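What follows is a short report on a single structure.
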Amino acid sequence: MPIDVDEVQRREAIAQATLAVAARDGARAVTIRAVAKELGGSTAMVTNYVPTRTALITNAVRAAESRWRTDLEARLGDLIGADRLRATVEWHLSTEPEDLLLRTLWVEMLSSAHVDPGGIDRQEPRESRQEFLDASAAAGVPDAGLAADVLSLLTRGYYISSMEEPAHWTPERAERVARAVVDALMGS
């Protein structure tokens, strides 16, 4: 008789095990076998839900995205206008330890785009761009579309820079950049 498994819970457990392996051994160490070992089961326990290494990493990144959205909404609260736009940008420029870990996995995911283009998460960047567009429009930025594109490029570039030079990109430095860019986009 087959074991009844909750797919959502299993994918979440796989995501947590993936993060544990990456935190302990580095992003390159994330493999189906390593994650299965972390879970205490066979590779089939993983491949029934995520068939490739890219899918494994994408699963971990997507699991974090739902937490990110909740965190962002809590951070924004009742902010409006330019304050909401600044807070949105500052949130995207976070340097929390889990964010840095997920960025290394994100780079691993992107690095396999040429062999597994379907494994790349394309929804999150679109959602982020839409958040920037909505916040820019609500803040009265003259060209909200351009602002959303600039902020998307800024934050994606920051993800890489914060991995290259984590000591340089302090929260204070990132906040200063966020304020300067938002002020420039607002025409201040």
Would you pick out the residues in the range 7-48 that are surrounded by 18 or more Cβ atoms within 10 Å (Cβ to Cβ) and under 22 Å from residue 115 (Cβ atoms)? 14, 15, 18, 21, 22, 27, 30, 32, 34, 35, 36, 46
I'd like the residue in the range 49-92 that is part of a loop (DSSP other than H, G, I, E, B), of a type outside the set (S, T, N, Q) and in contact (Cβ under 8 Å) with a residue 40 or more places away in the chain and, out of all such residues, is least open to solvent (accessible area, probe 1.4 Å). 49
Residue set 33, 62; condition among the basic types (Lys, Arg) and at pLDDT 95 or above; output residue 33
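From the set of residues in the range 147-169 that are part of a helix (DSSP H, G or I) and without any contact (Cβ under 8 Å) to a residue 12 or more places away in the chain, which is farthest from residue 101 (Cα to Cα)? First the steps, then the outcome.
Of all residues in the range 147-169, those part of a helix (DSSP H, G or I) come to 147-164.
With without any contact (Cβ under 8 Å) to a residue 12 or more places away in the chain added as a condition, the list becomes 153, 157, 161, 164.
Numbers: 153: 20, 157: 16, 161: 13, 164: 13 Å.
My answer is 153.
Does residue 111 meet the test of being without any contact (Cβ under 8 Å) to a residue 24 or more places away in the chain and small (Gly, Ala, Ser)? Can you show your working first?
Numbers: without any contact (Cβ under 8 Å) to a residue 24 or more places away in the chain: yes; small (Gly, Ala, Ser): yes.
It is true that residue 111 is without any contact (Cβ under 8 Å) to a residue 24 or more places away in the chain and small (Gly, Ala, Ser).
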Expected single match for aliphatic (A, V, I, L, M), more than 19 Å from residue 64 (Cα to Cα), modelled with pLDDT of 95 or more and open to solvent by less than 30 Å² (accessible area, probe 1.4 Å) among 137, 147, 174 is 147
Considering every residue within the range 123-141, establish whether at least one is in contact with a helix residue (DSSP H, G or I) (Cβ under 6 Å, 6 or more places away or on another chain) and in contact (Cβ under 8 Å) with a residue 60 or more places away in the chain. yes
Residue match in the range 110-123 (condition: out of contact with any Ser or Thr (no Cβ under 8 Å at 6 or more places or on another chain), open to solvent by 20 Å² or more (accessible area, probe 1.4 Å), part of a helix (DSSP H, G or I) and farther than 20 Å from residue 58 by Cβ): no
Residue 95: passes all of (1) open to solvent by 30 Å² or more (accessible area, probe 1.4 Å); (2) in contact (Cβ under 8 Å) with a residue 40 or more places away in the chain; (3) under 18 Å from residue 123 (Cα atoms); (4) of a type in the set (Val, Ile, Thr) but (3)
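The values are calculated or read from the model by the stated rules, or taken from the named source; none is laboratory data. Since the model is a prediction, treat every value here as computed from it, not as a measurement. In this analysis, Cβ positions are derived from the backbone assuming ideal geometry, glycine residues included, and neighbour counts consider all displayed protein chains. Remember, those area values only see protein heavy atoms, side chains included, never the ligands or the DNA or RNA. Shrake-Rupley method; radii C 1.70, N 1.55, O 1.52, S 1.80 Å.
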